[in-house]
Structure formats: structure tokens, C-alpha cells
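Worksheet: one structure, shown below.
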Amino acid sequence: MFNKPTFVKLNTGWNAEPNAPFPEVIIDSGSIQLRFYLNPWIHVARPGQKGTITFVNCSRWRLGLTNDEGWYRGQCRYSRVAPEWGHFYELIGDDDCCDDPQDWISHHSPNAGQRHFLFYFRDETFECFCADWRYQADRVSAGPP
């Protein structure tokens, strides 16, 4: 039997650029930073502005290849249970398939947390297990490549 987690949307008032977010993972001792271009068309952001989510006390993370086409075709393990593509979620509750991907990267840190976060970008999916998170839009950033 498949236990389905509850998906809590966390990116209210901001989101990644829908076509070319170019997510980048930066490892910093016990934390993981996820940087990406912001969506300037729907939310308050300048073209080329980046946002950063810092995940504190991470135990593991992954930046996988599942894209929007795979999600809509039902090829993603959460295709039939996640509310919608292109958002940042916390998964709460039992989840029988969280260990299914084989590309997890261990990032043991003191007091590592077990909260499960997932961000669906256009061409990738970021996931991590950590204690907490915080979001910040960059004040100044260069334009897209």
C-alpha cells in the first residue's frame, strides 16, 4: 500500500523562473543553498534576479532529472499526488516512496533534520531532508546567461 504525504506549498508570493531557472546547489558545511532565477512576470522580482533557499542541518539532498513532461505523463513518483508542477513544497506524513530515487547525496551534519522538501523546476527536481529552511531574494544579481 502506498502512503501518500500531504504537500504544503511554501512559495507564496515568489517562484522560480518557469522557463530557465538554472537551479544551482551550493554546499556549506551543515547547510545546502539552492539558488535559481526568479519569476519576474507573476511575482515581484526583476528580470535576472535570483533567489536562494537555505536548507539548515541537511541529512541528504538530490537534484534529479524529472522534468515537467515526465510529471504530466505520470513518470514522477509524485505525479498523481502532488498538487501541481513548478512549486516548492514540504511533504508531511508517511511516504513509502521517498527512498526510491538512487541519486541521493548524503550530507551528514550535526542535528540533521528529517523534514522533507521538494521543488519542481522546469527540467529538474530538487529534494532534501533537513531541519528547517529560509528564503531570500538577492538584492543584486547579474542577468541570465
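Listed values, structure above:
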| quantity | calculated |
| --- | --- |
| Scan of segment 65-81 for residues that are over 13 Å from the mean Cα position of the chain (by Cα) and either surrounded by 15 or more Cβ atoms within 10 Å (Cβ to Cβ) or in contact (Cβ under 8 Å) with a residue 60 or more places away in the chain (or both), ordered by number | Asp68, Gly70, Trp71, Cys76, Arg77, Tyr78, Val81 |
| Any hit, segment 110-122, residues being in contact with a Gly (Cβ under 9 Å, 6 or more places away or on another chain) and exposed (fewer than 13 other Cβ atoms within 10 Å of the Cβ) | yes |
| Members of segment 50-62 that are in contact with a Phe, Trp or Tyr (Cβ under 8 Å, 6 or more places away or on another chain) and either buried (at least 18 other Cβ atoms within 10 Å of the Cβ) or modelled with pLDDT under 95 (or both) | Lys50, Gly51, Ile53, Thr54, Phe55, Val56, Cys58, Ser59, Arg60, Trp61, Arg62 |
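Table: residues versus (1) modelled with pLDDT of 90 or more; (2) of a type in the set (Ser, Thr, Tyr).
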{"site": "Leu10", "(1), (2)": "yes, no"}
{"site": "Ala16", "(1), (2)": "yes, no"}
{"site": "Pro21", "(1), (2)": "yes, no"}
{"site": "Glu24", "(1), (2)": "yes, no"}
{"site": "Ser29", "(1), (2)": "no, yes"}
{"site": "Leu34", "(1), (2)": "yes, no"}
{"site": "Tyr37", "(1), (2)": "yes, yes"}
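Listed here are the residues, each with its yes/no results for (1) in a strand (DSSP E or B); (2) over 14 Å from the mean Cα position of the chain (by Cα).
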position	(1), (2)
Gly13	no, yes
Asn19	no, yes
Phe22	no, no
Val25	yes, no
Ile32	yes, no
Arg35	yes, no
Pro40	no, yes
Ala45	no, yes
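The values are calculated or read from the model by the stated rules, or taken from the named source; none is laboratory data. Remember, it's a predicted structure, so these values are computed and weren't measured experimentally. In this analysis, Cβ positions are derived from the backbone assuming ideal geometry, glycine residues included, and neighbour counts consider all displayed protein chains.
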